[in-house]
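In what follows, a single structure is set out as structure tokens and then discussed.
The values are calculated or read from the model by the stated rules, or taken from the named source; none is laboratory data. Just so you know, these numbers come straight off a predicted model, no measurement behind them. Cβ placement follows ideal geometry from the backbone for every residue including glycine, while neighbour counts extend to all protein chains displayed. Each accessible area value is taken on the protein alone, full model and side chains, heavy atoms only, with ligands, DNA and RNA left out. Shrake-Rupley method; radii C 1.70, N 1.55, O 1.52, S 1.80 Å.
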Amino acid sequence: MAQVILDRVGQPALPELDKKLGKKQHGGIWRIVREIALLAALFGVYNLGRFLSAEHSGSAYDHAHELIRWESWLGLPSEAALQHHALQVDGVARAANLFYASVHFPLTAVVLLWLMIRRPDAYGKARWALASLTGLALIGHMFFPLAPPRMMPGWVDTGVLLGQSVYGPSTHSGIANQFAAMPSLHVGWALMVAVFMIRATRSRWRWLWIAHPLLTFTVVLVTANHYWLDGLVASTLAVPLLLIFNGSASTSTEPPRAMWPRRQSSIAS
């Protein structure tokens, strides 16, 4: 008579397994908390640096005049003319102000959180790419303070005009350094976020993320918060960082390997 014996090799007891799973889940939660704290610290240091760099804003208007001359020499279209045409369309300025105030940081934070949870391999590289760009931007803000277009003659401060300004009615309002226009982190972060999501997903709709940096660039011009060169310099800095921190991650939909080890069978006669 044949007898079949099935043995579970190395199978942990159920209480022990539950303990391991609980410990893993607990560690995952603390990892998320730790990463959020790290990002908050980086953002705090960046804001402190922006605030300190405001002390060197005496040359900001001179730099703005120089940059406008450079753009004219390069043959770039006039931001003032673009804004003038946009303001002729009802609701465009109000929508642009809302986008400028409410999309930049929240969307970046949501994308990083999603990567942290769903694509941890890509998250680490995305985090350091973003932090590196922010550090380079801080250096630019400190050594090249620049008055944004809304402070220059020929442009309209759409935020103040419609009562939607995130900075306030004057250059001394709030704690933000309003002379940190070069390079534009709005444009740089938007480009990075788009690349992160295109790399990390496989949906055919992922290419729609390209609209994010294009729309952001348009918004900062319409609201007169940045010049062409601000966005172009930010993009130029972002591209090599995206290549260095290549966060492409596998998005395979294959099911995970079974948790239990294979069973051994033996046939005794």
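List of remarks:
- Only a single item in (1) part of a helix (DSSP H, G or I); (2) at pLDDT below 95 is not met by residue 77, and it is number (1).
- Verdict on residue 67 being open to solvent by less than 90 Å² (accessible area, probe 1.4 Å), in contact with a strand residue (DSSP E or B) (Cβ under 9 Å, 6 or more places away or on another chain), among the hydrophobic types (A, V, I, L, M, F, W, C) and modelled with pLDDT of 90 or more: yes
- Meets criteria (farther than 19 Å from residue 41 by Cβ and touching a strand residue (DSSP E or B) at 6+ places or on another chain (Cβ under 9 Å)) for residue 145: yes
- Matching residues in segment 178-196 - criterion: being open to solvent by 10 Å² or more (accessible area, probe 1.4 Å) and without any contact (Cβ under 8 Å) to a residue 24 or more places away in the chain: none
- Subset of segment 197-208 [surrounded by fewer than 19 Cβ atoms within 10 Å (Cβ to Cβ) and not aliphatic (A, V, I, L, M)]: 201, 202, 203, 204, 205, 206, 207
- Residue pairs meeting the criteria (Cβ under 6 Å; at least 6 apart or on separate chains; first free of Cβ contacts under 8 Å to residues at least 60 places away in the same chain and small (Gly, Ala, Ser), in segment 213-234; second assigned to a helix (DSSP H, G or I) and surrounded by 24 or more Cβ atoms within 10 Å (Cβ to Cβ)): 231/187
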